[in-house]
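**Student:** This is the structure, below, for whatever I ask next.
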Amino acid sequence: MSTFRDPVVVVLDTGRTIIRAGIGIFDLLRPPTVEISARVGLRSTAPDAENGAPEPSGPQPGPSTSKSPSTAKVTDYLVGAQLDEAVAAGHDIAIFWPFAEGDIADWTQAEALWKYVLFKQLQLRRAQMESPVLLSILPGLSRDAYERICQIFFERFNVAGFGILDRPVAQFYAVISGNQLSGVIVDIDRDHTDITPIYDGFVQHTARTSTPLGLRDCQLYLAHLLHSNQSVVAALSPPASPLSPEALQPVLLELAEHIWQEGLIKALAEGEAARDIEEEGVTDIAAVLVAGKEKAVIESGMKKKANAKASAAEQARAREIEALDLVTVQFRGHTLTVGKERHRFCEPLFDPNLLTSLPGIEPKARKDVPILPIQTAVGEAVGRTEVDQRAYIWQGLFVTGEITNHIKGLGAALQGRLASFILTSPDPQQNEVQPRIIRVLKVPDYFAEYREKGDGLASFLGTSIVAKITFIDMTGGKNFVSKTDYVSTGPRTILGMSPSLL
């Protein structure tokens, strides 16, 4: 039985800081066609007003605005390209991230974002709306929140059908195979890492947790390390016209972002950084670089063919540079050489104490609530599930988030650090339920459109899979709210039509 045509189904994936969307569900599941930051902006009309809000990761206060968010309308907010252009032009804009704290902080801002995606980006027409929407969103919202979301989509957007899916479940559906219905999702966002155990296909809400560590912390840490790279600093802040420390910091942050997005970073196993990187002088690349042969060696990746005719001295120098694992990066018109320090990018996730020494960064932890490394947070989350569930949950460790689109091996790096949580208990009575192995999951290669894109799009992929079953195949029964359902029952019908919300 098919209720809707494939081309009209809308997938709308809403995370803490990114919204992805696409229209059309086909046999070959496609990546999102829309991707925007989940932020909105309000223009300032009175410089002396004090109703602005900071971005979630920035310690500095946001610009002021005369219009309080409580009185702003949907049409007052700048979204997507409009907001990006206004910020780039230096306009006085207060920026808000309504989903950043794992909830919906402002309903008008959330509506403004969804409206922009549906009608500006996907070019849907409200009056002739034929599309059903499957929304994947952060888990753990209240029943009232789910009802209000349902009301917005039917009454404000006039959708033809509507369903809600918890994002961790969507992410899990993207990687499960066979009868694998249990696992733990580790979603690394910009400022938080969300950890969600799933058992038999359902979120274990009492075990969910979050730690305030994310991609932003990794970028700050790499920028700090790059500050010790004399050749990089000399290029970006030449002695003839040096930048102030305040001006150099955002440049180094931009370089750190460029490096990880170029895929030049690998996730190190536990102890690997200490063995290979902590040596004095490694970041002083200026001391080991000379013009000519070394640059060729870096660019050629130490291929034998490139060095076949090199002299013994040149080959020795080439081996030295290869051991330093140097790469060249094109950045702001400069050719920069970066060494092994770039591989320390992910270290703050596993050791948040590294962030306490960084200048100009406000501490995240309160004295009574320390920040947990993600391996500890994952271990404690799984430990809050039922004893007989844990062995099954450890069989599906999945690390996702935008960071995994460019940095491979994070799952394996976390797996090694979780070994202490699965040691065989000496108590013979617990041997049958004690987990003995952790299995790392990834998006299968048979999703051809996602093969080279990493695991960060898992939520959109999983939502697409569920949307196809929900609105087209309907093999599991009806799991969405139709317009007829909404008219007869109202917003509360969403609670009964969405299995993951029961």
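**Student:** Using amide H atoms built in the peptide plane, which far-off residues or other-chain residues are under 5 Å from Lys408 H to H?
**Tutor:** Under 5 Å from the amide H of Lys408: Ala267.
**Student:** Now for a separate question. Taking amide H positions as placed 1.01 Å from N in the peptide plane, with prolines and chain starts having none, which residues 5 or more places from Ile25, or on another chain, fall under 5 Å of its amide H?
**Tutor:** Correct list: Val8, Val9.
**Student:** Right, next: Ordered by residue, what ³J(HN,Hα) values in Hz, to whole numbers, does segment 190-201 give under the Karplus form 6.51 cos²θ - 1.76 cosθ + 1.60, where θ = phi - 60° and Gly and Pro are x?
**Tutor:** 5, 10, 9, 10, 9, 10, 9, x, 10, 10, 6, x
**Student:** Three principal axis extents, largest first, for the C-alpha atoms of segment 165-282, in Å?
**Tutor:** 63, 31, 24
**Student:** Now for a separate question. List the residues, sorted by chain then number, that are 5 or more residues from Ser136 or on another chain and whose placed amide H is less than 5 Å from its amide H.
**Tutor:** Leu12, Asp13, Thr14, Leu165
**Student:** Where the accessible area of segment 140-226 is counted over protein heavy atoms with a 1.4 Å probe, how much of it, in %, is carbon and sulfur?
**Tutor:** 41 percent
**Student:** For labels at Asp144 and Asp103 in the simple 7 Å Cα→Cβ model, what's the distance in nm?
**Tutor:** According to this spin-label approximation, the distance is 1.1 nm.
**Student:** Please compute the net charge surrounding Arg16, taking Lys and Arg as +1 and Asp and Glu as -1 over other residues with Cβ under 9 Å from its Cβ.
**Tutor:** Charge balance in the 9 Å sphere: -4.
**Student:** Using a 1.4 Å probe and ignoring any ligands, DNA or RNA, find the accessible area of Asp27 and quote it in Å² to the nearest 10.
**Tutor:** Roughly 140 Å² of Asp27 is accessible to a 1.4 Å probe.
**Student:** What is the extension gain from Glu262 to Arg126, computed as 0.36 nm multiplied by their sequence separation minus the C-alpha to C-alpha distance, in nm to one decimal?
**Tutor:** Length gained between Glu262 and Arg126: 45.0 nm.
**Student:** Could you report segment 171-269's accessible area per residue, 1.4 Å probe, as an integer in Å²?
**Tutor:** Counting only protein heavy atoms, the per-residue value for segment 171-269 is 39 Å².
**Student:** Next question, about the same structure. HN-Hα J couplings of segment 141-154 from phi, Karplus 6.51/-1.76/1.60, θ = phi - 60°, integer Hz, Gly and Pro as x?
**Tutor:** Rounded to whole hertz, the list is 5, 6, 4, 4, 5, 4, 5, 5, 4, 4, 4, 4, 6, 7.
**Student:** Could I ask something else about it? Spelling out what I want: for every residue of segment 164-174, take phi, set θ = phi - 60°, compute 6.51 cos²θ - 1.76 cosθ + 1.60 (Karplus), and round to whole Hz; glycine and proline get x.
**Tutor:** With the stated coefficients, segment 164-174 comes to 10, 9, 5, 4, x, 5, 4, 4, 6, 4, 6 Hz.
**Student:** Taking each pair of different alpha-carbon atoms in segment 161-232 once, compute 1/r for the pair, average those values, and report the inverse of that mean as the Kirkwood hydrodynamic radius in Å to one decimal.
**Tutor:** In segment 161-232 this quantity evaluates to 14.5 Å.
**Student:** What distance in nm separates the two pseudo spin-label positions at Ala391 and Asn179, each 7 Å out from Cα along the beta-carbon direction?
**Tutor:** Here the modelled spin labels are 1.4 nm apart.
**Student:** Would you please name the GluC sites (Glu not before Pro) within segment 106-191 that are DSSP coil residues with at most 15 other C-beta atoms within 10 Å of their C-beta?
**Tutor:** Answer by residue number: Glu130.
**Student:** For segment 88-146, what is the accessible area per residue in Å² when the probe is 1.4 Å?
**Tutor:** Per residue, segment 88-146 has 43 Å² of solvent-accessible surface.
**Student:** Obtain the nm distance between the two label points defined at Glu449 and Arg5 by a simple spin-label model: each point lies 7 Å from its Cα along the Cα-to-C-beta direction.
**Tutor:** About 1.8 nm, to one decimal.
**Student:** Report the calculated FRET efficiency for Asp473 and Lys73 (r = Cβ-Cβ distance, R0 = 35 Å), to the nearest 0.05.
**Tutor:** Here the calculated transfer efficiency is 0.30.
The values are calculated or read from the model by the stated rules, or taken from the named source; none is laboratory data. Everything quoted here is computed from the prediction, not taken from an experiment. Cβ: placed from backbone, ideal geometry, glycine included. Neighbour counts: every protein chain shown. Ligands, DNA and RNA are excluded from the accessible area calculation, which covers all protein heavy atoms including side chains. Shrake-Rupley method; radii C 1.70, N 1.55, O 1.52, S 1.80 Å.
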